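The values are calculated or read from the model by the stated rules, or taken from the named source; none is laboratory data. Fair warning: this is a prediction, and the values are worked out from it, not measured in the lab. Positions of Cβ are generated from backbone atoms using ideal geometry, with glycine treated the same way; all protein chains shown enter the neighbour counts.
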Amino acid sequence: MNMKIELENCQKSLTLKDFEEIESKLGYALPERLKEFYLQYNGGSTKQIASINKYQEVEIEDFFPFKYNKDFKNDPRYTAEGETLELRKAGAISDSILIFAMESTDEGRITIDLVNGKIYLYPIVGMQDVIFNFGEPRLVANSIDDFFDNLVVLDGHKAIPAIEEIEEGQTETAGVMPELSDCSASLTKEDIKNFEVELNVKIPAGMKNFYLKFNGGMPSPYCYQPQDEDLDRVEINAFFPIKERTNAFETIEVIAKDIWSRNLMPCNLLPFAMDSGGNYYALNLKNKKIYYYLTDEWDENASREYNFETNTRYIAQSFNYFINHFIEEEE
């Protein structure tokens, strides 16, 4: 490798015997370069690392551990091995594909084809039940050696972001990232990690970066035009803090646990902001899209599932898109 890789929050070290078991379950031998890397680092969070090459440039948020994940009580779904086998079984990827990392723009999956040895980015474009729907794979590197040899630390260079999928019926609106006032105390990466562990959630890199800059508060500008062109523009009154309540609002954790415990919102929606009418903006923890959740249209004569569905309105394909497309109020 042409750089010293530094990963944080690595999991329990792997052994050669672990790899024998992994290869048996996957049905393929792993490239020696990949095993060499994972014997040193069993997954972990990166410090602004990207693979820069002649194909798709990708910025990497996490390398998934192959086995073990103490942050999620060793749930196999949160490992490279477990997620790969689950998505293979569902037919979302072919049996020769191995998922081993997450790109940071929209949490697409970085994979290796264990037959031809090439590295691909699988962009996430949706979710059905609990299974990702992927867009067309994009070639990242011709081999695992090519991938690792072209890793760089992003010091003044930003990788070309993955192209965000604009679905039919969505609009592309010019906008800006808002400035927030009346914020709570500044956060550290450790604060965000503890928040994820406490709620057993994984939030996108864009959301983490935004909260490291603004820990909740009142946005300016405060309007947003949903990508669903059938919806009128909406107003965002406040973002909830991740740690330590503001003068006006409780933390995301307190609000989410209260709403979930009373079955007022699906548990796959994480409320992070609200408008002046008490309606929420929420991150879908499965597909990472942003939804507007109405609280004043509950039908007591209908089922909870019906209310959940009818009160949830899609507004943005990702947190990054949402936060970068705020607009000024019309005169």
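Observations
- Scan of region 276-293 for residues that are crowded, with 17+ Cβ neighbours inside 10 Å and either more than 13 Å from the chain's Cα centre (by Cα) or among the small types (Gly, Ala, Ser) (or both), ordered by number: 279, 280, 281, 282, 291, 292, 293
- Members of region 47-80 that are touching a Pro at 6+ places or on another chain (Cβ under 9 Å) and either of a type in the set (D, E, K, R) or modelled with pLDDT under 80 (or both): 57, 59, 61, 67
- Residue pairs meeting the criteria (Cβ under 9 Å; at least 6 apart or on separate chains; first in contact (Cβ under 8 Å) with a residue 60 or more places away in the chain, in region 262-274; second of a type outside the set (A, V, I, L, M, F, W, C) and buried (at least 22 other Cβ atoms within 10 Å of the Cβ)): 272/211; 272/216; 272/280; 272/281
- Region 160-186, subset part of a loop (DSSP other than H, G, I, E, B) and of a type in the set (Asp, Glu), residue modelled with the highest pLDDT: 182
- Verdict on residue 88 being modelled with pLDDT of 80 or more and charged (D, E, K, R): yes
- Filtering region 295-331 to residues that are touching an Asp or Glu at 6+ places or on another chain (Cβ under 9 Å) and among the charged types (D, E, K, R) leaves 313, 329.
- Subset of region 84-120 that is of a type in the set (D, E, K, R) and without any contact (Cβ under 8 Å) to a residue 24 or more places away in the chain - its residue that is nearest to residue 41 (Cα to Cα): 113
- Members of region 278-303 that are touching a residue at least 12 places away in the same chain (Cβ under 8 Å) and out of contact with any Leu (no Cβ under 9 Å at 6 or more places or on another chain): 278, 281, 286, 287, 288, 294, 296, 297
- Selected residue (criterion: modelled with the lowest pLDDT) from residues of region 134-150 that are surrounded by fewer than 18 Cβ atoms within 10 Å (Cβ to Cβ) and under 25 Å from residue 209 (Cβ atoms): 135
- All positions within region 25-50 that are assigned to a helix (DSSP H, G or I) and over 16 Å from residue 113 (Cα atoms): 36, 37, 38, 39, 40
- Boolean, residue 42 is over 14 Å from residue 98 (Cα atoms), assigned by TED's automatic domain parsing to the domain that holds residue 117 and over 19 Å from the mean Cα position of the chain (by Cα): yes
- Scan of region 285-298 for residues that are touching a strand residue (DSSP E or B) at 6+ places or on another chain (Cβ under 6 Å) and of a type outside the set (Lys, Arg), ordered by number: 285, 287, 290, 291, 292, 293
- Any chance residue 180 is buried (at least 16 other Cβ atoms within 10 Å of the Cβ), touching a Gly at 6+ places or on another chain (Cβ under 7 Å) and on the phi < 0 side of the Ramachandran plot: yes
- Test: residue in region 11-18 that is at pLDDT below 80, assigned to a loop (DSSP other than H, G, I, E, B) and either outside the structural domain of residue 131 (by TED's automatic domain parsing) or not small (Gly, Ala, Ser) (or both): no
- Matching residues, region 236-260, being over 24 Å from the mean Cα position of the chain (by Cα) and either buried (at least 21 other Cβ atoms within 10 Å of the Cβ) or over 16 Å from residue 183 (Cβ atoms) (or both): 249
- Some residue of region 29-46 being hydroxyl-bearing (Ser, Thr, Tyr), under 24 Å from residue 135 (Cβ atoms) and modelled with pLDDT of 90 or more: no
- If you go through region 307-331 and pick out every residue that is farther than 17 Å from residue 176 by Cβ, more than 19 Å from the chain's Cα centre (by Cα), modelled with pLDDT of 75 or more and not in a loop (DSSP other than H, G, I, E, B), you end up with 5.
- Each residue in region 97-133 was checked for being part of a strand (DSSP E or B), at pLDDT 85 or above and over 14 Å from the mean Cα position of the chain (by Cα), and 10 of them qualify.
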